[in-house]
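What follows draws every value from the coordinates through simple rules; no lab data is involved. Bear in mind the structure is a predicted one, so any value in this text is a computation, not a measurement. Note that each Cβ is placed from the backbone with ideal geometry, even for glycine, and that neighbours are counted across all protein chains shown.
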């Protein structure tokens, strides 16, 4: 039986319900009830949620008359409501020498000129998904969508103002829909583009960032900083989506499977509208194509495999640079998400 992970609100927490591998009968009953509740909610509200009037009470300041969406039915609830997944702002940072994290555990690294590199552990990002921060005085929005494995840092400055972002609780093609608190516009995380509201059509500038293990970050940036554990009531270090990146189908996604026989939940390295399957890069170790140099190094645990994040299977770490050795904006996301958001994109399958 295929494993499935669903999330619903339980007080202020999300309760995970999986199809098998339950640790106890009591936990099993709770998870089955959570899964049933999520299913009933999804079925009973699907038709109403296709109409933005359904969201007006929760989003009175959002201008739903402006949108790039062809169908409102593409947007659905992921379980939590607005800010049910709480974004963070101005997190405490620790010198890397004082950080205590498992060696293989994944972090999202952001290294901007003129400031120490910063590592945002996925043990925290998985539960908060967005961190509004400043690096060397420069505003940065650090984002991670677990359901798409998409981790991107953005420059949040638009039209002379700095936007701060939160989580809507909505999904489109299983990808997080963010919102900015200044205009209440909705943004597609994988694209960095506003899809609903005043700023519809506006695109954020993505910043070079990459996922690697804590040990790799520490070795490369001995003077770097690591995000400290937030003061939130979350089981940090545990993966609420255990087994997800081995599932046959994505959560709340009804699109066709990717082409070329690429599994829906296989990782691909996206640069612009090109995607390199991660298994191809991992086998080669280094690929030089399209004016880019892509490299792969073992040592990073999958954040979406085992219940304990640090115990996840090794998926390795990717870097993408140009011909001058400069870091290039890229994302390592699931194949179904690339196919959904870049339907005319180029698949770099190789020979």
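Please label the shape of the chain as rounded, prolate or oblate, based on the square roots a ≥ b ≥ c of the eigenvalues of the alpha-carbon gyration tensor (a/c under 1.5 means rounded; beyond that, a/b larger than b/c means prolate, else oblate). It is rounded, given that a/c, with a ≥ b ≥ c, falls under 1.5. Per residue, the average separation of C-alpha pairs within less than 8 Å and at least 6 apart gives the chain a relative contact order of 18 percent. Starting from the Cα gyration tensor of segment 102-141, take the square roots of the eigenvalues, sort them a ≥ b ≥ c, and report rounded, prolate or oblate (rounded when a/c is under 1.5, otherwise prolate if a/b is larger than b/c, else oblate). It is oblate, given that a/c is not under 1.5 and a/b is not larger than b/c.
Short-range pairs are left out: with C-alpha atoms under 8 Å and at least six residues apart, the relative contact order of segment 72-227 is 31 percent. Each label point was placed 7 Å from the Cα along the Cα-to-Cβ direction; for residue 321 and residue 193 their separation is 3.1 nm. Any idea how far the Cα center of segment 178-205 sits from the one of segment 240-257, in Å? Distance between centres, Cα-based: 25 Å.
With r as the distance between the Cβ atoms of residue 98 and residue 69 and R0 = 35 Å, compute the FRET efficiency 1/(1 + (r/R0)^6) and round to 0.05. So the FRET efficiency works out to roughly 0.15. Remark: relative contact order (segment 244-347) = 31 percent; criterion is Cα-Cα distance under 8 angstrom and separation of 6 or more residues. By definition, a body whose alpha carbon gyration tensor gives a ≥ b ≥ c is oblate when a/c is 1.5 or more and a/b is not larger than b/c, and segment 103-224 fits this oblate description. Gap in Å between the Cα centre of segment 286-309 and the Cα centre of segment 94-134? When both Cα centres are located, 17 Å separates them.
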